[in-house]
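Asker: Quick one: the structure is below, questions incoming.
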Amino acid sequence: MRLLLTFAPLLVAVALLQLSTGGLGPMDALSGLTLGFSTGEIGLLGSAHFTGFFLGCWWAPRLMGTVGHARAFAAFTALGAIGLLGHMLLTTPWAWAGMRVASGLCIAGCYTVIEAWLQAQVTNETRGRAMGGYRLVDMGGSLLAQLLVGILAPAAYASYTLLAILCCAALLPLTLTNAPQPATPEAPRLHPALAFARSPLAGAAVLVAGLTSGSFRTVGPVYGQAVGLAPEQIGLFLAIWIGGGALAQWPVGWLADRYDRRWVLIGLSIASTLACLLTLATSGSTAAILVAAAVFGLTSFPIYSVAAAHAHDWATDDERVELSASLMFAFAAGAIAAPLTVSWLMAATGPAALFVLIALAHVALAVIGTLRMRARATSAARTRYVYAPRTSFLVGLLTRRQRRP
């Protein structure tokens with residue numbers, strides 16, 4: 001109970017932040033379709049969001065060092081609320097792209113502050129339980145956010161106002177707490193090629209994970225509408241993908257801790273390819289589409305964490321934070337490029353292009369994995385498998401001790 005009370009402000013802030021911003025991508029996609037945006041313009045919104053997210057990861061530690069944690073959190077939350085409230089004032093794709101940059105800054109900045117605060121409060125005895133609760137709240141909030149999108153009317157003042165209220169409510173737990181503010185973490189240096197230098201397969205896998213997540217979260221609602229899903233079913237479609245990914249973490253982690261992680265990545269890539277084909281084959285049945293989404297989440301969602309674990313196998317302990325930054329850089333590169341690319345392909349060839357592109361990316365990853373098995377016959381000493389949330393660069397600090405053999 002004492003542990004729960006200690007971390008309650010952080011966990012409540014995470015839950016409210018996810019409820020407000022976690023469903024903004026699909027909400028914007030559905031609203032854009034209602035307002036007549038093209039598929040390419042909807043893809044632009046997803047790319048803008050991940051651009052803002054990556055910029056926020058680097059700006060946040062510097063702003064925290066200048067104004068402190070609570071003020072930095074308030075500034076980032078204000079950016080998110082302004083972006084949400086501005087949606088129905090300027091209903092053009094380029095205006096919304098600017099607002100999505102603000103939402104990306106908000107998420108990256110707020111998570112950086114929360115994880116810096118969490119890092120300062122955990123001890124070696126409480127680290128595992130605290131991180132477990134944090135991941136549960138984060139993923140649970142994301143799942144509920146997708147379901148919330150299904151009951152909110154697209155392109156409506158009330159919908160975006162409710163999301164803005166939740167975003168503002170996330171201010172209260174951290175700004176009203178009397179806990180002392182922690183020391184400002186040092187911003188990690190960016191070595192984009194570090195992940196590829198330690199493990200080319202891990203770098204490629206994280207790039208594919210960014211492509212998968214960025215395109216599915218952004219353009220998935222467009223695909224759902226094209227195959228006949230109602231708005232509430234589209235929210236369920238996205239939530240089931242996240243739920244499937246959450247369920248997969250334990251069994252995939254068990255496999256990754258007992259077998260060569262390269263084989264696990266190859267197996268997940270092949271399974272993800274088959275899941276894409278299953279999704280395309282079941283596009284005529286709502287129940288089958290939802291089942292296929294769960295299978296797709298089970299196979300594709302854990303790839304980032306397995307790739308991160310494999311990269312950390314080849315890193316020294318003092319490289320872990322910068323390696324986490326490099327992995328997120330590769331993920332962001334895939335997530336920025338994918339929505340624009342897949343939306344243009346969908347506009348030109350139809351909704352099936354979403355899963356065709358994702359399937360081809362996973363086929364390429366399986367081929368890269370096979371080639372790397374030949375190039376490097378042995379695997380490194382295994383670090384512990386850790387579910388790695390893609391929230392801020394400070395995850396490297398939070399999980400550094402957990403990764404030690």
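Asker: Working carefully through the options Ser272, Ser283, find the one that is within 18 Å of the chain's Cα centre (by Cα) and under 25 Å from Gly46 (Cα atoms). Show your work before the answer.
Answerer: Values: Ser283 fails: within 18 Å of the chain's Cα centre (by Cα).
Within the list Ser272, Ser283, the selection yields Ser272.
Asker: Another question, then. Is it the case that the range 91-103 has a residue that's over 23 Å from Val137 (Cα atoms) and modelled with pLDDT under 85? Working first, answer last.
Answerer: Residues of the range 91-103 that are over 23 Å from Val137 (Cα atoms), as a first pass: 91-102.
Next cut, modelled with pLDDT under 85 only: none.
Scanning the range 91-103 turns up no residue that is over 23 Å from Val137 (Cα atoms) and modelled with pLDDT under 85.
Yes/no matrix, rows are residues, columns are (1) open to solvent by less than 20 Å² (accessible area, probe 1.4 Å); (2) of a type in the set (Gly, Ala, Ser); (3) more than 25 Å from Ala48 (Cα to Cα); (4) modelled with pLDDT of 85 or more:
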{"residue": "Ile303", "(1), (2), (3), (4)": "yes, no, no, yes"}
{"residue": "Glu319", "(1), (2), (3), (4)": "no, no, yes, no"}
{"residue": "Gly334", "(1), (2), (3), (4)": "yes, yes, no, yes"}
{"residue": "Val342", "(1), (2), (3), (4)": "yes, no, no, yes"}
{"residue": "Ala347", "(1), (2), (3), (4)": "no, yes, no, yes"}
{"residue": "Gly369", "(1), (2), (3), (4)": "yes, yes, yes, yes"}
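Asker: Filter the range 251-295 down to the residues that are among the polar types (S, T, N, Q) and open to solvent by 30 Å² or more (accessible area, probe 1.4 Å), then identify the one that is nearest to His362 (Cα to Cα). Reasoning before the result, please.
Answerer: Pass one, the range 251-295, residues among the polar types (S, T, N, Q): 269, 272-273, 279, 282-283, 285-286.
Now restrict to residues that are open to solvent by 30 Å² or more (accessible area, probe 1.4 Å): 283, 285-286.
Details: Ser283: 20, Ser285: 25, Thr286: 25 Å.
Among those residues, the one meeting the criterion is Ser283.
Asker: When only residues in the range 206-229 that are in a loop (DSSP other than H, G, I, E, B) and in contact (Cβ under 8 Å) with a residue 60 or more places away in the chain count, which is most open to solvent (accessible area, probe 1.4 Å)? Break it down stepwise before answering.
Answerer: Going residue by residue through the range 206-229, those that are in a loop (DSSP other than H, G, I, E, B) are 227-229.
Subset that is in contact (Cβ under 8 Å) with a residue 60 or more places away in the chain: 227, 229.
Details: Val227: 36, Leu229: 11 Å².
In this case the residue turns out to be Val227.
Asker: Also: Can you find a residue that is without any contact (Cβ under 8 Å) to a residue 24 or more places away in the chain and among the aliphatic types (A, V, I, L, M) anywhere in the range 3-11? It would help to see each step written out before you state the result.
Answerer: Taking the range 3-11 first, the residues without any contact (Cβ under 8 Å) to a residue 24 or more places away in the chain are 5.
If we keep only those that are among the aliphatic types (A, V, I, L, M) as well, we get 5.
Looking for residues that are without any contact (Cβ under 8 Å) to a residue 24 or more places away in the chain and among the aliphatic types (A, V, I, L, M), one finds at least one in the range 3-11, hence yes.
Asker: Name every residue in the range 321-332 that is farther than 30 Å from Tyr223 by Cα and either open to solvent by 20 Å² or more (accessible area, probe 1.4 Å) or not small (Gly, Ala, Ser) (or both), in order of residue number.
Answerer: Once the filter is applied, which keeps residues that are farther than 30 Å from Tyr223 by Cα and either open to solvent by 20 Å² or more (accessible area, probe 1.4 Å) or not small (Gly, Ala, Ser) (or both), the range 321-332 yields Val321, Glu322, Leu323.
Asker: Continuing with the same structure: Does the range 61-91 hold any residues that are outside any loop (DSSP other than H, G, I, E, B), open to solvent by 50 Å² or more (accessible area, probe 1.4 Å) and in contact with a Leu (Cβ under 8 Å, 6 or more places away or on another chain), and which are they?
Answerer: Leu79
Asker: Examine the range 48-60 for a residue that is within 18 Å of Glu115 (Cβ to Cβ) and open to solvent by 50 Å² or more (accessible area, probe 1.4 Å), and state whether such a residue exists.
Answerer: The answer is yes, given that some residue of the range 48-60 is within 18 Å of Glu115 (Cβ to Cβ) and open to solvent by 50 Å² or more (accessible area, probe 1.4 Å).
Asker: Can you pull out every residue in the range 12-38 that is surrounded by 24 or more Cβ atoms within 10 Å (Cβ to Cβ) and part of a loop (DSSP other than H, G, I, E, B)?
Answerer: Gly22, Gly23
Asker: Separate question: When you look at Ala120, is it at negative phi, touching a residue at least 60 places away in the same chain (Cβ under 8 Å) and over 20 Å from the mean Cα position of the chain (by Cα), yes or no? Don't jump to the end; show me each part of the working.
Answerer: Working: at negative phi: yes; touching a residue at least 60 places away in the same chain (Cβ under 8 Å): yes; over 20 Å from the mean Cα position of the chain (by Cα): yes.
The answer is yes for Ala120.
Asker: So, Thr51, is that one closer than 19 Å to Ala338 by Cα and modelled with pLDDT of 90 or more or not? I'd like the intermediate steps shown before the answer.
Answerer: On the way: closer than 19 Å to Ala338 by Cα: yes; modelled with pLDDT of 90 or more: yes.
Yes: the conditions hold for Thr51.
Asker: Which pairs turn up if I take residues in the range 359-371 that are without any contact (Cβ under 8 Å) to a residue 12 or more places away in the chain and closer than 11 Å to Thr212 by Cα and look for partners that are part of a helix (DSSP H, G or I) and open to solvent by less than 20 Å² (accessible area, probe 1.4 Å) with beta carbon separation below 6 Å, at least 6 apart in sequence or on another chain?
Answerer: Correct list of pairs: empty, since none qualify.
Asker: Right, here's the next one. Kindly list, by first and then second residue, each pair from a residue in the range 39-55 that is farther than 22 Å from Ala348 by Cβ to a residue that is open to solvent by 30 Å² or more (accessible area, probe 1.4 Å) and at pLDDT below 90, limited to pairs with Cβ atoms under 8 Å and residues at least 6 apart or on different chains.
Answerer: Phe54/Phe329
The values are calculated or read from the model by the stated rules, or taken from the named source; none is laboratory data. Every value quoted in this text rests on a predicted model; they were computed, and no experiment measured them. FYI the Cβ positions are ideal-geometry reconstructions off the backbone, even for glycines, and counts take in every protein chain you see. Surface accessibility is based on the protein's heavy atoms, side chains included, excluding ligands, DNA and RNA. Shrake-Rupley method; radii C 1.70, N 1.55, O 1.52, S 1.80 Å.
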